[in-house]
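K.L.:
Got a structure for you, written out below as structure tokens; questions coming shortly.
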Amino acid sequence: MENLMQTPVTLTLIIANVLVSYMALTNRDIFEKNVFWIGPIRQKKQWYRFVTSAFLHVNGIHLFINMFVLYEFGRILESILGTAGFLALYFAALLAGNAWEYVSKKNNPNYRAVGASGATSGVILAFCLFFPFSTLLLFFVIPMWAIVLAILFIVGSYFLSQKPNTMIAHGAHLGGALAGLAMALILRPDAWGMFMMQVAEKFG
């Protein structure tokens, strides 16, 4: 908790996700009015769903996974980028993820999705830029370098997003991941040089 108090954006985002998700899970009307839903977005111009849907989750497990990722990586990134920088990265990834899904699914008015996965994907990829050779656990079990996980994540998300029928917003993962990476480079232009230096030291 002490670490979280030093990273107020991460703490605030976790609290907001938990509270909003709880309200939506216990009140179906709140869920329906805020879910990312192509029909109402296109027909009624309910663009606010791009943001509100990212604070909703399907169930407790879905919420826990996203908040665990935010807790583990958000604190580190916020300490590197600062509160304003991390907030900008998080929402850029969030919006880019849903924008990718909108473009991909805009002809399917019944398409619906929720979750912070687009934003947390951006957080993970930004972390991989700064710490490419940190050991991460794929599926919480398989150890691998962060850079390897990042490549697998982007490639896998792209191919899975091409599937016509999927309940998981793989396109949002891809859009969020790429936006998070881009924002990290914008906020910290020296990050690419640091990344290449770590690669050179590892393989040079």
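K.L.:
Among the numbered conditions (1) at pLDDT below 90; (2) over 20 Å from Gly74 (Cβ atoms); (3) surrounded by fewer than 19 Cβ atoms within 10 Å (Cβ to Cβ), tell me where Gly171 comes up short.
P.N.:
Only one criterion is unmet by Gly171, namely (3).
K.L.:
Considering each of Ser104, Ser157 in turn, give the residue that is under 21 Å from Met67 (Cβ atoms), polar (S, T, N, Q) and outside any strand (DSSP E or B).
P.N.:
Ser157
K.L.:
Go through region 51-61 and give me each residue that's more than 13 Å from the chain's Cα centre (by Cα) and in a helix (DSSP H, G or I).
P.N.:
Thr52, Gly60, Ile61
K.L.:
Pick from Gly97, Gly74: which is small (Gly, Ala, Ser), surrounded by 14 or more Cβ atoms within 10 Å (Cβ to Cβ) and either free of Cβ contacts under 8 Å to residues at least 24 places away in the same chain or more than 19 Å from Gly171 (Cα to Cα) (or both)?
P.N.:
Gly74
K.L.:
Same structure again: List pairs: first in region 120-141 and touching a residue at least 24 places away in the same chain (Cβ under 8 Å), second assigned to a helix (DSSP H, G or I) and among the polar types (S, T, N, Q), Cβ under 7 Å, 6+ apart or cross-chain?
P.N.:
Listed pairs, sorted by first residue: Thr120/Asn66; Pro132/Gln198; Phe133/Gln198.
K.L.:
Among the numbered criteria (1) more than 12 Å from the chain's Cα centre (by Cα); (2) more than 26 Å from Met197 (Cα to Cα), which one does Ala116 miss?
P.N.:
Here Ala116 clears every test but (1).
K.L.:
Also, quick follow-up: Inspect region 132-150 for any residue being modelled with pLDDT of 85 or more and within 15 Å of the chain's Cα centre (by Cα) and give the result as yes or no.
P.N.:
Taking every residue of region 132-150 in turn, none turns out to be modelled with pLDDT of 85 or more and within 15 Å of the chain's Cα centre (by Cα).
K.L.:
When the residues of region 100-117 are filtered to those that are of a type in the set (Ser, Thr, Tyr) and surrounded by fewer than 24 Cβ atoms within 10 Å (Cβ to Cβ), which remaining residue is modelled with the highest pLDDT?
P.N.:
In this case the residue turns out to be Tyr102.
K.L.:
Quick check on this structure: which one of Phe36, Phe31 is touching a strand residue (DSSP E or B) at 6+ places or on another chain (Cβ under 7 Å) and of a type outside the set (Ser, Thr, Tyr)?
P.N.:
The unique qualifying residue is Phe36.
K.L.:
Another question, then. From (1) at pLDDT 90 or above; (2) farther than 21 Å from Arg75 by Cα, pick out the condition that doesn't hold for Thr120.
P.N.:
(2)
K.L.:
Right, here's the next one. Kindly provide the set of residues from region 20-55 that are basic (Lys, Arg), closer than 13 Å to Val114 by Cβ and surrounded by 12 or more Cβ atoms within 10 Å (Cβ to Cβ), ordered by number.
P.N.:
The answer is Lys33, Arg49.
Residue-by-condition table, conditions (1) in a helix (DSSP H, G or I); (2) closer than 29 Å to Ser79 by Cα:
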site: Thr12; (1), (2): yes, yes
site: Ser21; (1), (2): yes, yes
site: Leu25; (1), (2): yes, no
site: Lys33; (1), (2): yes, no
site: Pro40; (1), (2): yes, no
site: Gln46; (1), (2): no, no
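The values are calculated or read from the model by the stated rules, or taken from the named source; none is laboratory data. Just so you know, these numbers come straight off a predicted model, no measurement behind them. Note: ideal-geometry Cβ built from the backbone for every residue, glycine included; neighbour counts use all protein chains shown.
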